[in-house]
Amino acid sequence: EPEVTQTPSHQVTQMGQEVILRCVPISNHLYFYWYRQILGQKVEFLVSFYNNEISEKSEIFDDQFSVERPDGSNFTLKIRSTKLEDSAMYFCASSEDGQGWEQYFGPGTRLTVT
Amino acid sequence: EDQVTQSPEALRLQEGESSSLNCSYTVSGLRGLFWYRQDPGKGPEFLFTLYSAGEEKEKERLKATLTKKESFLHITAPKPEDSATYLCAVYNNAGNMLTFGGGTRLMVKP
């Protein structure tokens, strides 16, 4: 069964450093997303991406964040200068279509900023 | 602003003891309501999509229902392996994102 994969599973970084989280969405899916979940809190939307551009982003997704689809399979989230409050699980998701189609989530990357 | 509230926050059941989880929502034009299961340290696993009031979906011991203001996830004769956090999320007509509730942590004891 096709699945979303994410690497690394755990990333530890120092405050102020740049990190890149990687995702391989399901191959025939056209919409890609990043969500985050701070420990003990709700899953929160960050950004959606379609046709090589951002289609929607939340208030959390400020200038420190960027997304890219560098090739036909990978989808990345970059945090330019990490802060302590960026520590969270980051989930990538993909869907066949937008607006109402089910999103399939990856296993997540646990980001720890020290 | 879309809001999703789940209750209870935690639920302890004995194996075989049926119960229901609630998801109340306020959304500007519901396009879809989704149920996910999340195991500790893992990503949400898709269970059901419901699109209109009166709709029902079933999968093994789980049954999801939808009204205009809330959704229920009914668990019939649960087993210990059903222990997980169950998440409810909504899509509205305007956005291309899911808004999640806080989840119900279900613990089923043998």
Here, strands (runs of 3 or more DSSP E) confined to the range A:1-105 with at least 3 residues that are under 21 Å from B:Pro44 (Cα atoms) and within 13 Å of chain B (Cβ to nearest Cβ) are A:31-37, A:43-50, A:88-95
Here the residues within the range A:1-57 that are closer than 23 Å to B:Leu87 by Cα, among the small types (Gly, Ala, Ser) and in contact (Cβ under 8 Å) with a residue 40 or more places away in the chain are A:Ser9, A:Ser48
For the range B:65-91 the number of residues that are open to solvent by 20 Å² or more (accessible area, probe 1.4 Å) and within 12 Å of another protein chain (Cβ to nearest Cβ) is 1
Regarding A:Lys57, is this residue of a type in the set (D, E, K, R), touching a strand residue (DSSP E or B) at 6+ places or on another chain (Cβ under 7 Å) and either at pLDDT 95 or above or open to solvent by less than 10 Å² (accessible area, probe 1.4 Å) (or both)? no
Subset of the range B:11-50, residues more than 13 Å from the chain's Cα centre (by Cα), at pLDDT 95 or above and open to solvent by 50 Å² or more (accessible area, probe 1.4 Å), comes to B:Arg12, B:Gln14, B:Glu15, B:Glu17, B:Ser18
All conditions in (1) open to solvent by 50 Å² or more (accessible area, probe 1.4 Å); (2) within 20 Å of B:Tyr91 (Cβ to Cβ) are true of A:Tyr33 except (1)
* Asked: Can B:Tyr36 be described as within 12 Å of chain A (Cβ to nearest Cβ) and within 18 Å of A:Glu102 (Cβ to Cβ)?
  -> yes
Sole miss for A:Asp62 among (1) under 27 Å from B:Val4 (Cα atoms); (2) crowded, with 16+ Cβ neighbours inside 10 Å is condition (2)
In the range B:52-59, is there at least one residue being basic (Lys, Arg), within 14 Å of chain A (Cβ to nearest Cβ), over 30 Å from A:Lys57 (Cα atoms) and open to solvent by 60 Å² or more (accessible area, probe 1.4 Å)? yes
B:Gly95 - would you say it is under 22 Å from A:Arg36 (Cα atoms) and open to solvent by less than 10 Å² (accessible area, probe 1.4 Å)? yes
Among (1) farther than 30 Å from B:Glu9 by Cα; (2) of a type outside the set (Asp, Glu); (3) under 11 Å from the mean Cα position of the chain (by Cα), A:Leu46 falls short only on (1)
- Task: Could you please let me know if A:Arg80 is surrounded by fewer than 18 Cβ atoms within 10 Å (Cβ to Cβ) and in contact (Cβ under 8 Å) with a residue 12 or more places away in the chain?
- Result: yes
Going through (1) in contact with a Leu (Cβ under 8 Å, 6 or more places away or on another chain); (2) open to solvent by less than 20 Å² (accessible area, probe 1.4 Å); (3) within 14 Å of chain A (Cβ to nearest Cβ) one by one, B:Arg105 fails only at (2)
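The values are calculated or read from the model by the stated rules, or taken from the named source; none is laboratory data. As the structure is a prediction and not an experimental result, all values here were calculated from the model. When we count neighbours, we look across all protein chains shown, and the Cβ atoms used for this are built from the backbone with ideal geometry, even at glycine. Heads up: the accessible areas ignore ligands, DNA and RNA and are worked out on the full protein's heavy atoms, side chains in. Shrake-Rupley method; radii C 1.70, N 1.55, O 1.52, S 1.80 Å.
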